[in-house]
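Presented below is the structure to which this report refers.
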């Protein structure tokens with residue numbers, strides 16, 4: 001009976017979902033976005049006090065973080081398409097965490113921005129290879145795999161302000177050094193999947209899918225990018241500036257509100273992603 005069902009799956013062209021790989025990519029996405037898009041915006045109020053920054057200098061931290069991660073990401077993507085480097089998956093998430101750890105030792109603003117840049121570049125290197133790996137491990141369940149991967153990242157983004165509220169506000173900036181074991185944990189989590197990823201990538205290169213003919217819709221892509229920019233502008237603006245303007249609340253309380261705000265977005269994404277998968 002099992003043999004008949006397996007042959008039926010093969011006849012229909014359905015490949016199974018490789019759960020171990022999918023949850024590895026989702027878990028590493030959680031760790032990466034926990035520190036880059038989750039903790040960095042929430043830490044701005046603490047960086048401002050610790051380094052005696054003005055508002056422009058404080059928000060420059062977020063600008064550098066997002067520029068290095070977002071602008072470098074398509075560059076790493078083009079490089080990965082031409083010459084795939086699976087080790088960037090492990091090195092990327094490690095650098096994104098270790099860069100934030102080093103900010104605890106930064107003696108001045110220029111050093112702080114340098115370490116934040118390392119974290120951002122790590123995130124930029126991580127995402128293309130992690131997304132490719134998720135696709136390769138998805139089998140015939142592309143929607144479900146992407147939903148699990150994205151929920152990991154958005155959950156990390158939501159938990160970032162909560163970690164800052166419950167831990168960093170009490171320990172101070174130097175408490176970020178306790179993230180060093182998390183960076184080492186990320187290497188253990190990601191390195192165990194690299195041999196499979198290398199073999200899967202080699203096999204996929206042997207049977208390239210024929211490209212679909214058509215033209216690129218640059219107007220549609222530009223409009224979609226504008227919508228994403230506006231959405232991120234509002235979301236990150238709330239997380240960064242809420243602690244500054246809620247004078248009647250403590251930093252811990254305002255960061256918890258940020259966690260609720262971003263967490264609601266992550267929960268909405270998970271509902272939409274899994275709902276679309278179930279209806280497909």
Residue match in segment 119-129 (condition: more than 24 Å from residue 44 (Cβ to Cβ) and either in contact with a helix residue (DSSP H, G or I) (Cβ under 8 Å, 6 or more places away or on another chain) or assigned to a helix (DSSP H, G or I) (or both)): yes
Tabulated pairs, segment 129-142, first touching a residue at least 60 places away in the same chain (Cβ under 8 Å), second assigned to a loop (DSSP other than H, G, I, E, B), C-beta under 6 angstrom, 6+ apart or interchain: 137/18; 139/15; 139/16; 139/17; 140/14; 140/15; 141/17
Among the residues listed as 60, 53, the single one being under 24 Å from residue 262 (Cα atoms), at pLDDT 90 or above and surrounded by fewer than 20 Cβ atoms within 10 Å (Cβ to Cβ): 60
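The values are calculated or read from the model by the stated rules, or taken from the named source; none is laboratory data. For clarity, every value in this text was computed on a predicted model and none was experimentally measured. Neighbour counts run over all protein chains shown; Cβ positions are idealised from the backbone, glycine included.
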